[in-house]
Structures are given as C-alpha cells and as structure tokens.
Amino acid sequence: MSFAENNGLRYFQFDSLQTRHAVFTRRGGVSPEPWGSLNVGGTVGDDLSRVRQNRQLSFRALDRAPESIFDVWQVHSADVVCARAPRLEGEPVRQADVILTDKPEVSLFMRFADCAPILAHDPRKGVVGVAHAGWMGTLRDVAGSMVNAMITNYNSNPADIVACIGPSIGPDHYEIGADVILQVMQKFGDDSEKALRSVNGKIHFDLWKTNRILLEQAGVQNIEVAGICTACHTDDWFSHRAEKGRTGRFGALITL
C-alpha cells in the first residue's frame, strides 16, 4: 500500500491490485472549503462545474479519458450493475452500490466520505469491480453481492479474486446506536463480537473487519485492507462524520 502523486493529485494504491486503480485523497482539486479541494460529489453544495473539473483531473491522473466513466447513483444497497460500455453524458444514472466490468474501455468510478470502497480484480477472467459499503450496505452484504455477481456474470472463481478495502471511517470513530447494534447481532450472530467493539463505554462498528468476514464467507482469500481512518485524517480524506456533514466526496477509480 502506498501513496502516489500526479499533477498535484495525491492518491492511494494497493500493492495486491495489479490493475490501474486509485482511491483519490481530497488534495489537488479546484474546490474551495468546505469541499477543499478534490471534491467529486455533485450533491454536497459544490458548484457542478468544479466537480466536473475535479473528476476530469482524477481521470487524467491515471491517463484515462473522462468519457470512459461508468458511475451509479449510490443508495446503500447491495444492487449490482454490469457495465458493458461507458455511461454516455445525459444517460440516466442507475441506482446501485456495486459496478463490475470486463471491458477495458470502461472506467468504474464511485464517491465516498466515510463508507468503505471495496475494489476487486479477477486477473484470470479480466474483471474489475468497485463497491460502496457503509453500515447499511455492509449489513446487506454488498461485498458478497459483488463476489456472487462476478461468479454469475463472468464465471469468476472466488479464489482468483483480489479484494481490497480502502480508506474509510475506522472502528475508533464509528459509534453506532442500539438499532444498528441489534441489526449487526441479528446478521452476524456469534461473529458480532468481531464486528463490534467497545470504546469508552460506547459500541463501535468495524467496517474493515466486517467486510473482510463477508468477503471470506464469499470465498475470497486474497484480501488487502488499507486500515486508514478517514475521520482521523481529514487532511487527506473527506469525512462526513468528523466534519459534521459539511464536506465533499473523494473518488475511487478502477479499470482494466
């Protein structure tokens, strides 16, 4: 795991993902505070012309055409879209929280501000994917949905899949309420002790460990976890919780 820079943009890459990818930090864009500066979220109050420019900067940092984008309207689901071509400008945006493709001309792109990016690559079948996993998506097993869709649509073997859990809010900052605690216990049973931890008398949720468990249950063996808390490092990352909702969204991009 390491950081790289290109034209002022700072981004994170995984050692185990042998395909073009990046989880972009908030650095190197054109947006003012509170979205400073590489905000790629179009629904947080930033001017859309700046958001568009930030997305273009992100794509060009990886030498990808901005027109190669396929993105979705993220709704904390476990729904999957298989992209067979870039999403044309003006084309309706589909609701989903997993995108997969086996097309080299497609660049998958999602936005985050505490939820966990899960990037996946099957080098044998030539498939990449990205998922958006907050507490709600995690409890709906968005990670397992991604793996199962790779099996169903591309004949992937889970043992061949490399999955990486990116920077997101860490268990030290992710306090949850009684309703979510109950849902975690109902979902995971005895494994709830791995998903939950006590911090100063409060119950916190561990997105990293929980999504790792779900990936393992789906048969994935090669898993890399960034272990970077967005709430701890707001110099690099947008954090909805740490910044009390007045913040932007950072991007994750993966392509063959």
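Probe radius 1.4 Å, ligands and nucleic acids ignored: give me the carbon and sulfur share of the accessible area of segment 10-116 as a rounded percent.
Numbers: 2210 of 4660 Å².
That share works out to 47 percent.
Where the eigenvalues come from the Cα gyration tensor of segment 167-244, what are the semi-axes √(5λ) of the equivalent ellipsoid, largest first, in whole Å? Don't skip to the end; give the middle numbers.
On the way: eigenvalues 93, 67, 16 Å².
Listed largest to smallest, the semi-axes of segment 167-244 are 22, 18, 9 Å.
With Cα atoms defining each centre, segment 60-121 and segment 232-255 are spaced 18 Å apart in the structure.
How many Å³ per residue does the convex hull of the Cα positions in segment 212-256 occupy?
On the way: hull volume 5.4 nm³, N = 45.
Dividing the Cα hull volume of segment 212-256 by its residue count gives 120 Å³.
Computed over every Cα-Cα pair of segment 1-70 and binned at 5 Å starting from 0, the pair-distance distribution P(r) comes out as 3, 18, 27, 24, 17, 8, 3, 0 percent. Above 26 Å, the calculated P(r) of segment 42-179 contains 25 percent of its Cα-Cα pairs.
Could you tell me what percent of the accessible area of segment 205-244 is made up of carbon and sulfur, with a 1.4 Å probe and every protein chain present?
Details: 740 of 1700 Å².
It is 44 percent, rounded to a whole number.
A Gaussian network model of the chain, with springs between Cα atoms under 10 Å, assigns the largest mean-square fluctuation among 31, 198, 68 to 198.
Compute a Gaussian network model of the chain, connecting alpha carbons closer than 10 Å, and tell me which residue from 22, 83, 133 fluctuates the most. Comparing 22, 83, 133 in a Gaussian network model of the chain, the most mobile one is 83. Taking one quarter of the surface of the convex hull spanned by the alpha-carbon atoms of the chain gives a direction-averaged projected area of 12.6 nm². Mean separation of Cα pairs under 8 Å and 6 or more residues apart, divided by the residue count, gives segment 1-142 a relative contact order of 17 percent. Think of it this way: in the chain, 82, 115, 164 stand alone, with no other Cys Cβ under 4.7 Å. Once all protein chains are placed together, residue 46 keeps about 10 Å² accessible to a 1.4 angstrom probe. If you run the Gaussian network model on the chain, springs between alpha carbon atoms under 10 Å, then out of 138, 234, 25 the most flexible one is 234.
Where only protein heavy atoms count, and the probe is 1.4 Å, what is the accessible area per residue for segment 182-256 in Å²?
Numbers: 3700 Å² over 75 residues.
Averaged over the residues of segment 182-256, the accessible area is 49 Å².
How big, in percent, is the set of alpha carbon pairs in segment 52-114 lying more than 17 Å apart? Value for segment 52-114 (Cα pairs over 17 Å): 40 percent. The alpha-carbon positions of segment 109-256 define a convex hull whose volume is 104 Å³ per residue.
Note: segment 85-161, Cα convex hull, 99 Å³ per residue.
Relative contact order of segment 93-146: 40 percent, from C-alpha pairs under 8 Å at least 6 residues apart in sequence.
Taking all protein chains together, 108, 256 sort by accessible area into 256, 108, largest first [probe 1.4 Å]. Over the chain, what is the relative contact order in whole percent, taking alpha-carbon pairs under 8 Å and six or more residues apart? Relative CO of the chain lands at 24 percent.
The values are calculated or read from the model by the stated rules, or taken from the named source; none is laboratory data. Bear in mind the structure is a predicted one, so any value in this text is a computation, not a measurement. Heads up, the Cβs are rebuilt from the backbone with ideal geometry, glycines too, and the neighbour counts pull from every protein chain shown. When the accessible area is computed, the model is the full protein with side chains, heavy atoms only, and any ligands, DNA or RNA have been set aside. Shrake-Rupley method; radii C 1.70, N 1.55, O 1.52, S 1.80 Å.
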